[in-house]
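Enquirer: Have a look at the structure that comes next, please.
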Amino acid sequence: QEAPRYLIVPWEILDAHLDWLLSIPIGVAIFDEVQRVQDRQGKWSNAARKVAAHARRVLALSATPAPNCVRDLYSMLDLLAAGSQGTFWPWAKRYSAAAEKFIEGVGKVWDTSGASNIPELRARLRFFAHKVDKARSHKALPPLRRIVHYIPAGDLLADRVAKKDRVARAAKDRLTAPLMLAARRARPYAMQLIRENLPPNGKIVVF
């Protein structure tokens, strides 16, 4: 069977098509939302590593911030260039401040949630990572097909719910009550924007 010019495979079914993917030539493998490989033992991660090793070139893309997760970088870097970072535990000890700690009822476990030798890690990342700011990336895209309106924060804070209603809702449900109240306050402004911007035979989606 001839290999397709391009193929888009969702992460969720990557492992189900692994054998076929490894049977065709892959010039460039592009992994979008590459932070999904952070689970080093997951099916997606194992399949992704095998596809990456089979491809002639690998690109990993992500626009998702991952603060305070230094350890998660290992899987992403290993996907880009297998073996370039060594094995996980020496890497984690050097850059994630990996250390044993005692948890009552569990015993000794390894904590890899920290960060260490970050200047050195940043220097190493220069060989693998390239940052593109929003202005540059959007300049290469076609014009937006949608218009987004944001309701001013001052309008959102205008409370139109009686105090006794707020107290009753908050007592009943501490989690969803504030969200319900915020949506209720935003509704008149959202409806006004809809009336002003609804095109003939068009539609407006409100989140």
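The values are calculated or read from the model by the stated rules, or taken from the named source; none is laboratory data. Please read these numbers as outputs of a predicted model, since none were measured by experiment. When we count neighbours, we look across all protein chains shown, and the Cβ atoms used for this are built from the backbone with ideal geometry, even at glycine. Side chains included, ligands, DNA and RNA excluded: accessible areas come from the protein's heavy atoms. Shrake-Rupley method; radii C 1.70, N 1.55, O 1.52, S 1.80 Å.
Enquirer: Could you check residue 85 against (1) modelled with pLDDT of 85 or more; (2) closer than 26 Å to residue 111 by Cα; (3) assigned to a helix (DSSP H, G or I) and say which number it fails?
Expert: Single failed check for residue 85: (3).
Enquirer: Condition first: under 22 Å from the mean Cα position of the chain (by Cα) and in a helix (DSSP H, G or I). Now tell me which residues in the range 1-21 satisfy that.
Expert: Answer for the range 1-21, where residues must be under 22 Å from the mean Cα position of the chain (by Cα) and in a helix (DSSP H, G or I): 11, 12, 13, 15.
Enquirer: For the range 31-46, how many residues are touching a Phe, Trp or Tyr at 6+ places or on another chain (Cβ under 9 Å) and either of a type in the set (D, E, K, R) or closer than 17 Å to residue 8 by Cβ (or both)? Reasoning before the result, please.
Expert: Residues of the range 31-46 that are touching a Phe, Trp or Tyr at 6+ places or on another chain (Cβ under 9 Å), as a first pass: 31-33, 36-38, 40, 44.
This time we only want the ones that are either of a type in the set (D, E, K, R) or closer than 17 Å to residue 8 by Cβ (or both), so: 31-33, 36, 40, 44.
Selection size over the range 31-46: 6.
Enquirer: So the check is Cβ under 8 Å with 6+ separation or different chains; which pairs have a first residue in the range 58-73 that's over 14 Å from residue 132 (Cα atoms) and a second one that's assigned to a loop (DSSP other than H, G, I, E, B) and among the β-branched types (Val, Ile, Thr)?
Expert: If the second residue must be assigned to a loop (DSSP other than H, G, I, E, B) and among the β-branched types (Val, Ile, Thr), the pairs left are 71/112.
Enquirer: In the range 47-68, what count of residues is obtained for those that are open to solvent by 60 Å² or more (accessible area, probe 1.4 Å) and not in a loop (DSSP other than H, G, I, E, B)?
Expert: 6
Enquirer: Can you name the residue in the range 16-46 that is surrounded by fewer than 16 Cβ atoms within 10 Å (Cβ to Cβ) and of a type in the set (Lys, Arg) and, of all such residues, is nearest to residue 5 (Cα to Cα)?
Expert: Looking at residues that are surrounded by fewer than 16 Cβ atoms within 10 Å (Cβ to Cβ) and of a type in the set (Lys, Arg), I get 43.
Enquirer: Return the pairs, sorted by first residue and then second, in which the second residue is open to solvent by less than 50 Å² (accessible area, probe 1.4 Å) and assigned to a helix (DSSP H, G or I), the first residue lies in the range 94-121 and is among the aromatic types (Phe, Trp, Tyr), the beta carbons are less than 6 Å apart, and the residues are 6+ apart or on different chains.
Expert: 95/70; 95/121
Enquirer: How many residues are under 30 Å from residue 189 (Cα atoms) and not in a loop (DSSP other than H, G, I, E, B) if we restrict to the range 115-151?
Expert: Of the residues in that region, 3 qualify.
Enquirer: Can you name every residue in the range 91-123 that is open to solvent by less than 100 Å² (accessible area, probe 1.4 Å) and under 18 Å from residue 38 (Cβ atoms)?
Expert: Across the range 91-123, the qualifying residues are 91, 92, 95, 96, 97, 98, 111, 112, 113, 114, 115, 121.
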